[in-house]
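Read the figures in this text as sums done on the coordinates, not as results from a lab. Source: prediction; values computed, not measured. Cβ placement follows ideal geometry from the backbone for every residue including glycine, while neighbour counts extend to all protein chains displayed.
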Amino acid sequence: MKYIFKFLLIFLLSFLASCGGKKEKEVDIKGIDLEAEMINAYNEGLKSLEEGDVLFAAKNFNAVENLYPQSIWASRSVLMAAYSFYSQDYYGDAISELKRFLRNYPTNENISYAYFLLGTCYYELIVDEKKDLSPLLNSKKYFNIVVKDFPNTDFALDAKFKLDLIENVLASKEIYIGKYYVSRKKWIPAINRFKNVVNNFEKTEYVEEALHRLVEINYMIGLENEAKKYASLLGYNYQSSEWYKESYRVFNKDYEDPKEKIKKDKQNIILRGFKKLFR
């Protein structure tokens, strides 16, 4: 019995060892298969993107993250899915992917690109800023993050350029609303809109018109000193502009642009000379 017991014990230990080895081998094979499947999905995504099938491309890139979420390919695949959607104007889907990327991979090395692409998606959604400001404000928000937090990246320069365009659009909206209030003779709301341009959008091309409108309204409602204050500001900074000339006419109805006066004088001389021919 002793020998049989020893034999069974040796047999059992050998069996367990062989089972353990087999299990470990199966896990390794599964890991290898999973990685191969992930790489295949990524390559299929790239191929579909090149062929213009962005929906299938995004589906494959999302599969990569699902298959191997802890790999470096997972975060890249989210960005690739976002770009796939963006490339064919599926901005809402691209925005969803990018926000998920920022939430799940906040320290990723490609974070600056994610913010820039997110700002660009919102920028492309700007259709009518007079009706819906949210795309403008969201794009401004994310471009500001790029400029502030990643100033040395390739994306910062383009973000600055787009921010300048956004500022101009926001200023133009303020001018538009201000003029609407003027047409309704709502002077105080109009003044507030034009002041907002002067105070917050001073680098835009609309600041000159805003100053002129402030001159015009204040003079019209009897606040002549206030009107002169804005006229002086306009003259000091933009004396050669057309809006300064218009503001000058508010105080001097007989004002005539010297260049226009010279032009008229020349025309009168030519006309007088022409009439002499028939005398």
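Using 1/(1 + (r/R0)^6) with R0 = 45 angstrom and r between the beta carbons of Asp154 and Lys185, what's the FRET efficiency to the nearest 0.05?
Values: r = 50 Å, r/R0 = 1.12.
Step by step, r from the Cβ atoms, then E = 0.35.
Run the simple label-point estimate for Lys59 and Leu102 please: 7 Å along Cα→C-beta, distance reported in nm.
About 2.9 nm separates the two model spin labels.
Using Cβ contacts closer than 10 Å as the measure, can you line up Arg213, Arg193, Arg184 from fewest to most? Walk me through the numbers before you get to the answer.
On the way: Arg213 26, Arg193 21, Arg184 10.
In order of increasing Cβ crowding within 10 Å: Arg184, Arg193, Arg213.
Calculated FRET efficiency, Leu46 and Ser71, Cβ-Cβ r, R0 22 Å, to nearest 0.05? Show your work: numbers first, answer last.
Details: r = 16 Å, r/R0 = 0.74.
E between Leu46 and Ser71, to the nearest 0.05, is 0.85.
Please work out how much length the chain gains when fully extended from Phe161 to Asp33, using 0.36 nm per residue of separation minus the C-alpha to C-alpha distance, in nm with one decimal. Mind dumping the intermediate values first?
Working: separation 128, 0.36 × 128 = 46.08 nm, distance 4.69 nm.
Using 0.36 nm per residue and subtracting the Cα-Cα distance, I get 41.4 nm.
Quick one: order Leu67, Leu55 by neighbouring beta-carbon count within 10 Å, fewest to most. Mind dumping the intermediate values first?
Numbers: Leu67 19, Leu55 13.
Arranged by neighbour count, lowest to highest, Leu67, Leu55 become Leu55, Leu67.
Hey, rough spin-label estimate for Gln239 and Asn225, points 7 angstrom out along Cα→Cβ, what's it come to in nanometres?
2.6 nm
Taking 0.36 nm per residue of sequence separation and subtracting the Cα-Cα distance, how much length would be gained by fully extending the chain between Gln88 and Asn199, in nm to one decimal?
Numbers: separation 111, 0.36 × 111 = 39.96 nm, distance 3.89 nm.
Between Gln88 and Asn199, full extension yields 36.1 nm more.
From the square roots a ≥ b ≥ c of the eigenvalues of the alpha-carbon gyration tensor of region 30-90, which class results: rounded (a/c under 1.5), prolate (a/b over b/c), or oblate? Could you put the intermediate results ahead of the total?
Values: a/c = 3.05, a/b = 1.82, b/c = 1.67.
It is prolate, given that a/c is not under 1.5 and a/b is the larger ratio.
Once you list every other residue whose beta carbon is under 13 Å from the beta carbon of Leu163, what net charge do they have if Lys and Arg are +1 and Asp and Glu are -1?
Values: positive: Lys140, Lys141, Lys148, Lys160, Lys162, Lys203; negative: Asp158, Asp164, Glu167.
Residues close to Leu163 contribute a combined charge of +3.
Where the centre of each part is set by its Cα atoms, how far does region 76-121 sit from region 136-205, in angstrom?
Taking the Cα centre of region 136-205 as reference, the centre of region 76-121 is 25 Å away.
Counting other C-beta atoms within 10 Å, which of Lys47, Lys245, Lys140, Lys148 has the fewest, and how do the rest follow? Don't jump to the answer; show the numbers that get you there.
Numbers: Lys47 13, Lys245 17, Lys140 21, Lys148 10.
So the ranking, lowest neighbour count to highest, is Lys148, Lys47, Lys245, Lys140.
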